[in-house]
Amino acid sequence: MDTASTATAEEEVTRLEDLPESCLAHVLALTSPRDACRCAAVSPSFREAAESDAVWDRFLPPDYRAVLLRCCSGRPPPLSSKKDAYLRLSDGAVLVDGGDTAVWLARGSGAKCVALSARKLSLPWDDGEFSWRWTPHPRSRFAEVAQLVHCTGLDIYGRLPAAALTPATDYAAYLVFDVADEGHRGLSFPDQETTVAVGGRAASRHAVCLRPDDDEARKFRGVARADGGDDGVRRPALRDDRWSEIEMGRLRIDDAMAVKEEEEVMVSFEVLEWYPKRGLIVEAVEFRPV
């Protein structure tokens with residue numbers, strides 16, 4: 001090949017940054033929010049494409065406007081772009097439904113996260129109004145948390161429309177809780193169980209223990225396993241916000257479920273035996289992508 005042919009071939013090479021912005025935006029919209037931000041550092045043309053509404057509209061959930069309009073402040077924040085809307089929803093939770101539900105986006109993937117406050121959960125009331133005390137908590141996102149005063153049968157249920165979560169996404173449900181400063185009782189035995197069900201079909205069931213305490217469990221060996229063991233029992237983890245959480249189970253929302261308004265996700269926490277319990281503080285049940 002002569003020198004002229006080589007020069008012509010080199011001139012015909014198209015670089016990525018030579019592509020139209022709309023073409024780059026289409027490609028970036030097929031990646032993830034994290035990848036789009038990384039690509040913005042490649043070149044000015046990539047940065048312009050990565051900042052475009054066409055890209056961030058792909059990462060936002062279809063109902064993001066409705067979420068912002070349901071904000072309990074009554075007035076959605078001013079937003080200059082779709083990226084601004086994404087950052088607003090991923091920087092922190094938006095309280096909706098009168099402040100009883102929190103919604104935000106997982107920053108890396110854009111999947112929706114939802115927290116149902118204690119007010120949105122079904123709590124046992126076997127002792128009437130004296131079972132629970134509603135009180136503000138300095139570390140809670142919500143106006144009130146529920147503190148267990150006394151009960152013998154403890155079971156907590158939560159419901160969420162499947163359409164409220166992101167389709168084709170694996171989720172885990174978590175019970176977010178603490179214990180009262182004055183102490184607790186009946187929360188340390190390995191006879192606790194969580195269940196996650198989607199559309200009436202059990203997705204997972206696990207043995208858990210909110211406050212593992214071998215000494216207390218030994219005092220009530222009759223309600224623990226016969227061999228005294230608790231292999232496979234899930235234990236809580238301490239979060240950065242100093243609440244404790246325990247994974248209740250995992251689920252997946254497919255596209256068919258997302259379009260059926262009647263499909264629900266149900267979660268439950270239950271202590272299987274009846275004996276006095278007190279001191280549990282329930283903040284929320286959270287659904288977060290795995």
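Electrostatic tally near H206: other residues with Cβ closer than 10 Å to its Cβ, Lys and Arg +1, Asp and Glu -1, net +1. Taking label points 7 Å from Cα along the Cα-to-Cβ direction, A106 and F130 give a separation of 4.5 nm.
For a quick protection proxy, order the peptides 237-243, 55-61, 167-173 by their average other-Cβ count within 10 Å, most packed first.
55-61, 167-173, 237-243
The label point for D241 and the one for A202, both projected 7 Å from the Cα toward the Cβ, are 3.1 nm apart. Classified by the C-alpha gyration tensor, the stretch 116-172 has an oblate form. Its axis ratio a/c, with a ≥ b ≥ c, is 1.5 or above, and a/b does not exceed b/c.
Normalised by the number of residues in the stretch 79-178, what is the relative contact order in percent for Cα pairs under 8 Å and 6+ residues apart? Reported relative contact order: 20 percent.
For R88, the accessible area of its heavy atoms, probed at 1.4 Å with every protein chain present, is near 80 square angstrom.
What percent does the relative contact order of the stretch 162-214 come to when contacts are Cα pairs within less than 8 Å and at least six residues apart? In percent, rounded to a whole number, it is 31. The residues of the stretch 133-188 expose, per residue, 40 Å² of accessible area to a 1.4 Å probe.
The values are calculated or read from the model by the stated rules, or taken from the named source; none is laboratory data. On a predicted model such as this, the values are computed, not experimentally measured, just so you know. Positions of Cβ are generated from backbone atoms using ideal geometry, with glycine treated the same way; all protein chains shown enter the neighbour counts. With ligands, DNA and RNA removed, areas are computed over all heavy atoms of the protein, side chains included. Shrake-Rupley method; radii C 1.70, N 1.55, O 1.52, S 1.80 Å.
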